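This report refers to the structure that appears directly beneath it.
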Amino acid sequence: MDPLTLSYRACVGLCLFNHDGLVLCAERRDKPGAWQMPQGGIQKGEDPVAAAMRELKEEIGTNNATIIAEHPELLRYEFPDYLQYRNGVFRGKYRGQEQRWFALLFQGQDSDVSLAGEHDPEDPEFTAWKWTPLAQTPSLIVDFKRPVYESVVAAFSPLAEAIKRGETLPS
């Protein structure tokens, strides 16, 4: 099957800032050394904001956050062949992912973050997490997602700076 005839999977991406203007990145269980921001699928008929909060809870154990911005564009990436076919996670169903990215401000404590997967119907996706400067995230992500992360950095860097300065943000 030609992957170019396949559709994109609808997803959300979550740029979760702490009060120091750093973002949460987590190390993937299936690819040690690969770090990413939380992300996940939008279920059929689900509102993207509801999907964002659900995915945050599933992936990091808490959704104690406020959405402060949305990326102005839908961002896409193509799956590499090893994710596309046979034993790939989506078994040739999707060409890649189309993501609606949200910037959120974390309202909880670090101790609220849990990667144990108690809120996720699947196995936990991540093994570790850390707060990272937003500008460093493209260097942490797998190559095929890097252009998406560069776009997220460009769009949300002013927010990171405003948070660092202690400015009041939209809620």
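The values are calculated or read from the model by the stated rules, or taken from the named source; none is laboratory data. In this text, all values refer to a predicted model and were calculated from it rather than measured experimentally. No Cβ is skipped: glycine too gets one built from the backbone with ideal geometry, and neighbour counts run over all protein chains shown.
Selection over region 121-167 of residues that are touching a Cys at 6+ places or on another chain (Cβ under 7 Å) and at pLDDT below 95 gives a count of 1. Pairing each residue of region 126-148 that is closer than 24 Å to Ser114 by Cα with any residue that is part of a helix (DSSP H, G or I) and charged (D, E, K, R), provided the two are 6+ apart or on different chains, yields C-beta distances under 8 Å for Phe126/Glu59; Pro138/Arg146; Pro138/Glu150. Among the residues of region 41-64, those that are touching a strand residue (DSSP E or B) at 6+ places or on another chain (Cβ under 9 Å) and touching a residue at least 60 places away in the same chain (Cβ under 8 Å) comprise Glu58, Glu59, Ile60.
Can you name the residue in region 89-104 that is out of contact with any Cys (no Cβ under 8 Å at 6 or more places or on another chain) and closer than 19 Å to Gln36 by Cβ and is also modelled with the lowest pLDDT among such residues? In this case the residue turns out to be Val89. Checking each residue in region 15-39 for being in contact with a strand residue (DSSP E or B) (Cβ under 6 Å, 6 or more places away or on another chain), among the small types (Gly, Ala, Ser) and buried (at least 17 other Cβ atoms within 10 Å of the Cβ) picks out only Ala26. The residues of region 131-171 that are assigned to a helix (DSSP H, G or I), of a type in the set (Asp, Glu) and surrounded by fewer than 13 Cβ atoms within 10 Å (Cβ to Cβ), listed by number, are Asp143, Glu161.
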